[in-house]
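Reviewing the structure listed below.
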Amino acid sequence: MDIITTLVGSSWICAVALFAVLGDAFLPFIPSGTLVILAVLNTARIDGAPLMLAAGVAMASFLGDILLLSLARRGAPSVRRRLEHRPQLAASVARVQEALDGRTTGAAAAIVVVARFVPAGRTVLDLAMGHSPSHPRKFLRWSALAALIWAAYIVTLGWLNSHWFDTAWLSLAVSCAAATTISAAVARVVRRNRRLATA
């Protein structure tokens, strides 16, 4: 009975986290990682819950990519307006398209996976592939892989900290700080490599 009560009490934060992961392809400022960690902390003691949550996060992440990619390929007015009114975003999309052109399968897959860990990288990547003349089938395979890797990473991060610390607020703080630090480090490496490539 306690497990059922815990599941029902935690279901709302899990639903919010999954919708956030789905939506941050369109709105990258949504703190989806923080909400997933919060959902993990609320369900970490329930047998099998972290695995189910990771599967749900991966599915929501992949579905968000499909939706934004589909809108971009169809030339949705909202997507066009977004690129027209945000030249910095349009420039980032063009850079990613250029980076993917002519890359081997392994190198392109690595770009897709790394983009998941860069702030707003997923949005830029989906828009780049949506405006690319190449068929998106390969991208979708890499996107599914990236979604699985990111889901496993963020859920494991929350789960480990839920077992290392006695208080939920400390677990949340450490998990979010670690996720932010890792994202910032990945973004710094990407920027440095881009500068070296254009030097």
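List every residue pair whose Cβ atoms lie under 8 Å apart, where the two residues are 6 or more positions apart in sequence or sit on different chains, the first residue falls within region 122-147 and is among the polar types (S, T, N, Q), and the second residue, located anywhere, is open to solvent by less than 40 Å² (accessible area, probe 1.4 Å) and modelled with pLDDT under 75.
S132/L100
Identify, from the list A58, A25, A54, A17, the residue that is closer than 30 Å to S162 by Cα and assigned to a loop (DSSP other than H, G, I, E, B).
A25
Give me the pairs: first residue in region 44-73 and without any contact (Cβ under 8 Å) to a residue 60 or more places away in the chain, second residue loosely packed, with under 15 Cβ neighbours inside 10 Å, beta-carbon distance under 7 Å, and six or more apart or on different chains, which are they?
From residues that are without any contact (Cβ under 8 Å) to a residue 60 or more places away in the chain, the pairs are I46/I3; I46/L7.
Would you check which residues across region 82-98 are surrounded by 14 or more Cβ atoms within 10 Å (Cβ to Cβ) and among the small types (G, A, S) and list them?
If the condition is that a residue be surrounded by 14 or more Cβ atoms within 10 Å (Cβ to Cβ) and among the small types (G, A, S), then A90, S92, A94 are the ones that fit.
Identify the residue in region 28-43 that is in a helix (DSSP H, G or I) and touching a Pro at 6+ places or on another chain (Cβ under 8 Å) and, among all such residues, is modelled with the lowest pLDDT.
Result: T43.
Is there a residue in region 27-36 that is over 25 Å from T181 (Cα atoms) and surrounded by fewer than 21 Cβ atoms within 10 Å (Cβ to Cβ)?
The answer is no; no qualifying residue exists.
Conditions (1) within 16 Å of A15 (Cβ to Cβ); (2) at pLDDT below 80; (3) open to solvent by 70 Å² or more (accessible area, probe 1.4 Å), marked per residue:
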site: R45; (1), (2), (3): no, yes, yes
site: A49; (1), (2), (3): yes, no, no
site: A54; (1), (2), (3): yes, no, no
site: A60; (1), (2), (3): yes, no, no
site: G64; (1), (2), (3): yes, no, no
site: A76; (1), (2), (3): no, yes, no
site: R80; (1), (2), (3): no, yes, yes
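Given (1) outside any helix (DSSP H, G or I); (2) of a type outside the set (A, V, I, L, M, F, W, C); (3) closer than 30 Å to A94 by Cα, where does D47 come up short, assuming only one miss?
Only one criterion in (1) outside any helix (DSSP H, G or I); (2) of a type outside the set (A, V, I, L, M, F, W, C); (3) closer than 30 Å to A94 by Cα is unmet by D47, namely (3).
The values are calculated or read from the model by the stated rules, or taken from the named source; none is laboratory data. Remember, predicted model here, so these are calculated numbers, not experimental data. Heads up, the Cβs are rebuilt from the backbone with ideal geometry, glycines too, and the neighbour counts pull from every protein chain shown. When the accessible area is computed, the model is the full protein with side chains, heavy atoms only, and any ligands, DNA or RNA have been set aside. Shrake-Rupley method; radii C 1.70, N 1.55, O 1.52, S 1.80 Å.
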